[in-house]
Amino acid sequence: MSGRVRAVVVGGGYAGVMAANRLAGSRRAHTPLEVTLVDPAPGFTERIRLHQLGAGRRASADVPWTDVLNPRVRHLPARALRIDADRRSIGLAGREPLSFDWLVYAVGSGETSTSLLSVTDPEAARATRTAIGELRPGSAVTVAGAGPTGVEVACAVALARPDLHITIVSPSGSMHPLTGHPAVGRRLRRLGIAVESGTVDRMTGAITTGEGSRPAAPATIWTAGFAVPSLAADSRLPVTGDGRLLVDGTLTVPGHERILGAGDAVSVAGPAAAHLRASCATALPLGAHAADSVLARLGGREPSAIDLGYVLQCLDLGSGQGHVRFVRPDDSPRPWALAGRAGGWTKEQICRMTVTWLAGEASTPGSYRWPAGPRLPVG
Ligand SMILES: Cc1cc2nc3c(=O)[nH]c(=O)nc-3n(C[C@H](O)[C@H](O)[C@H](O)COP(=O)(O)OP(=O)(O)OC[C@H]3O[C@@H](n4cnc5c(N)ncnc54)[C@H](O)[C@@H]3O)c2cc1C
């Protein structure tokens, strides 16, 4: 291959920024690599802080692009509307189409799938902050979903507005493997947060429990599952039933060697990926791996399949409290956890590390590494 090579990353979240930095930092002397990151956002969003923004406990979750991007990455503030795989072109809102030689698809899962309040993206989080701020003292708030995001939002709102009555509603009650830990239950009770088994209507907020149905609370925050953008499906690329781009173990779209994907917006095929969960803990290594696969092919080598293991699952329980659970590489729980202040401190360090890893990959290409997956022997 000769001349310049155009690599485009669509979506500048944890996966996309990591991919763009690794591509831009590659020392491929014989072929200059031009890297463009397409994302309409004014800055990088620390999505893992959005529950704090939604509760009004934080003014912003934005980080300037220049803090996390390699200066060789060109940021193009635009929304991708369609990918033409055959022509290797991306249709952009209000701009000329953008051509690519290699594409990394990393549009995340910040799509709103509900008319209720949510914290899925900065705009939704800001609307939630306004709605919570306007509630009268003593008002009820429902948090739909008892997973990590539901529990984090509930704690943040309880700390911001101790005068509200907050109930987490979920079909499984508090049986989630991370949030169902007794130490988390104690924290919720201390903050006056109730947990109830039931379902919440995604559009109206009406609640159905074993005892019957009741109308929506004055505010309902939906956290029970995030939706991915329809860009891959609209572009007739192969997708799962919920719209995630299908990729193989090298993170390549089957039949489209030049299109790769990473992060929440993709589904990785194969048993080695069966344990992967949508998280920034997954998005970061997937972003790096997608870039590595592109660089391998550019160097005439076969890319390897992703081999990713986990170490921790963690929760922010507000005011410096947290819960950190150690896990095996396949994400199954180990019998140890850090609770209270130790958990909160560790969780905060991990949140900071995510941005540090992105900035580190921008300044020291190839520096980001992650633990190996469950197929390898582990201690
Ligand atoms: C409140 C909250 C708390 C969380 N806490 C944790 C946690 O503690 N630990 C953890 O591991 N995970 C956590 N998560 C999940 C984590 O944030 C996501 O898994 C992670 O952000 C996924 O990264 P990503 O790069 O795939 O996508 P995202 O971070 O969602 O980024 C996607 C980017 O794509 C852009 N984009 C979307 N559509 C287009 C388009 N058409 N054209 C161009 N750009 C587009 C968006 O603007 C966005 O910048 C949390 C999520 C939330 C909402």
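For the stretch 26-47, which positions are more than 13 Å from the chain's Cα centre (by Cα) and within 8 Å of the ligand (Cβ to nearest atom)?
If we filter the stretch 26-47 for residues that are more than 13 Å from the chain's Cα centre (by Cα), which is where we start, we get 26-43.
Listed by number, the residues that qualify are Val38, Asp39, Pro40, Ala41.
Evaluate the following for Arg297: is it away from the ligand (no atom under 16 Å from the Cβ), free of Cβ contacts under 8 Å to residues at least 24 places away in the same chain and not acidic (Asp, Glu)? Step through it out loud before you land on a result.
Numbers: away from the ligand (no atom under 16 Å from the Cβ): yes; free of Cβ contacts under 8 Å to residues at least 24 places away in the same chain: no; not acidic (Asp, Glu): yes.
No, not satisfied.
From the list Val157, Val141, the lone residue that is of a type in the set (Val, Ile, Thr), in a strand (DSSP E or B) and buried (at least 24 other Cβ atoms within 10 Å of the Cβ) is Val141.
Of all the listed residues (Arg244, Arg202), the sole one being modelled with pLDDT of 95 or more, over 30 Å from Gly320 (Cα atoms) and in contact with a strand residue (DSSP E or B) (Cβ under 7 Å, 6 or more places away or on another chain) is Arg244.
Condition (residue is touching a Pro at 6+ places or on another chain (Cβ under 6 Å) and at negative phi) applied to the stretch 143-156: is it met by at least one residue? No, the stretch 143-156 contains no residue that is touching a Pro at 6+ places or on another chain (Cβ under 6 Å) and at negative phi.
For the stretch 227-243, the tally of residues that are closer than 23 Å to Ser170 by Cβ and buried (at least 22 other Cβ atoms within 10 Å of the Cβ) stands at 1.
Is there a residue in the stretch 55-74 that is among the basic types (Lys, Arg) and without any contact (Cβ under 8 Å) to a residue 12 or more places away in the chain?
The answer is yes, given that some residue of the stretch 55-74 is among the basic types (Lys, Arg) and without any contact (Cβ under 8 Å) to a residue 12 or more places away in the chain.
Considering Leu50, Leu23, Leu98, which residue is within 12 Å of the ligand (Cβ to nearest atom), under 29 Å from Pro254 (Cβ atoms) and in contact (Cβ under 8 Å) with a residue 60 or more places away in the chain? I'd like the intermediate steps shown before the answer.
Values: Leu50 fails: under 29 Å from Pro254 (Cβ atoms); Leu23 fails: within 12 Å of the ligand (Cβ to nearest atom).
Just a single option satisfies the conditions, and that option is Leu98.
Please enumerate the residues belonging to the stretch 76-95 that are small (Gly, Ala, Ser) and more than 9 Å from the ligand (Cβ to nearest atom). Across the stretch 76-95, the qualifying residues are Ala85, Ser89, Gly91, Gly94. When Leu286 is tested against (1) at pLDDT 95 or above; (2) more than 9 Å from the ligand (Cβ to nearest atom), just one condition goes unmet, and that condition is (2).
What strands (runs of 3 or more DSSP E), lying completely within the stretch 29-133, carry at least 3 residues that are modelled with pLDDT of 95 or more and surrounded by 24 or more Cβ atoms within 10 Å (Cβ to Cβ)?
On the way: elements: 33-38, 73-76, 80-84, 89-92, 102-105.
Qualifying strands (runs of 3 or more DSSP E): 33-38, 102-105.
The lone criterion from (1) buried (at least 21 other Cβ atoms within 10 Å of the Cβ); (2) more than 11 Å from the ligand (Cβ to nearest atom); (3) under 20 Å from the mean Cα position of the chain (by Cα) left unmet by Ala7 is number (3).
Among the strands (runs of 3 or more DSSP E) contained in the stretch 183-280, which hold 1 or more residues that are among the aromatic types (Phe, Trp, Tyr)?
Working: elements: 194-197, 207-209, 212-214, 219-222, 245-247, 256-261, 266-268.
Fully inside the stretch 183-280 and qualifying: 219-222.
The values are calculated or read from the model by the stated rules, or taken from the named source; none is laboratory data. Here the structure is a predicted model, which is why all the values come from computation and not from measurement. Neighbour counts run over all protein chains shown; Cβ positions are idealised from the backbone, glycine included.
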